[in-house]
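Here the structure comes first, spelled out in structure tokens, and everything after it is commentary.
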Amino acid sequence: MALIVGLGNPGQEYKGTRHNVGFELIDKLSEKLTITLKPGNGLFFLGKGKFKGKNVTLLKPTTYMNRSGKAVSKALAITGNSPADCMVCYDDIHLEIGRIKLKPSGSAGGHNGMSDIIERLQTRDFPRLRIGIGNDFKRGRQSEYVLSPFSRSQRKLVNETLEVASDAIITFLRVGIERTMNEYN
């Protein structure tokens, strides 16, 4: 059983922004795994399906990025998954555009959505997939940067990266985090 969470902000005004690459990854996985997401209990969009005989749940919180933990903890309670079975996918300014990095656990790394998840779950021990969005912003302008869209040339690279990231998640579903890290990091 696996819960795959993509972080982002709900609403049209955030669509296509750097902060929403987690949502975009869930949309790509939804297509590949033919899992339809539907509104959950007001905290998220959720879709359930099977992959290679395993139950898979896809999740997009609607709580806004900084309150993602509320949605993730509720989804874990509903699905019966443990944090160790919950892969969280999100944007990372510490990775250049075009890079992904998988980890079995770790800190929030300054990401407010991850901080809230760690605080709510009371553990750092859950896998994550970080999607590079770069850090080409002036001091004090991080918020504007992550809420801005990619340039046209960056968008092409991001789309390719999301394809690789979706393959990495599918590999994770088949073989687990350690082997997936060996293949994709």
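The values are calculated or read from the model by the stated rules, or taken from the named source; none is laboratory data. Please read these numbers as outputs of a predicted model, since none were measured by experiment. No Cβ is skipped: glycine too gets one built from the backbone with ideal geometry, and neighbour counts run over all protein chains shown.
Values for this structure:
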quantity	calculated
Filter result (part of a loop (DSSP other than H, G, I, E, B) and closer than 16 Å to GLY110 by Cα) within the stretch 124-146	ARG124, ILE133, GLY134, ASN135, PHE137, ARG139, GLY140, ARG141
Residue in the stretch 54-69 that is out of contact with any Lys or Arg (no Cβ under 8 Å at 6 or more places or on another chain), surrounded by fewer than 18 Cβ atoms within 10 Å (Cβ to Cβ) and within 26 Å of ASN185 (Cα to Cα) present	yes
Search result, residues across the stretch 100-149 that are on the phi > 0 side of the Ramachandran plot, at pLDDT 95 or above and surrounded by fewer than 14 Cβ atoms within 10 Å (Cβ to Cβ)	GLN122
Among (1) closer than 19 Å to GLY11 by Cβ; (2) of a type outside the set (Lys, Arg); (3) touching a helix residue (DSSP H, G or I) at 6+ places or on another chain (Cβ under 8 Å); (4) surrounded by fewer than 16 Cβ atoms within 10 Å (Cβ to Cβ) - the single one PRO39 does not satisfy	(3)
THR34 hydroxyl-bearing (Ser, Thr, Tyr), outside any helix (DSSP H, G or I) and under 19 Å from LEU129 (Cβ atoms)	no
Hey, ASN159 closer than 27 Å to PRO39 by Cβ, without any contact (Cβ under 8 Å) to a residue 12 or more places away in the chain, surrounded by fewer than 18 Cβ atoms within 10 Å (Cβ to Cβ) and of a type outside the set (Gly, Ala, Ser) or not	yes
Candidates GLY6, GLY53 - the one that is farther than 30 Å from GLU144 by Cα and not basic (Lys, Arg)	GLY53
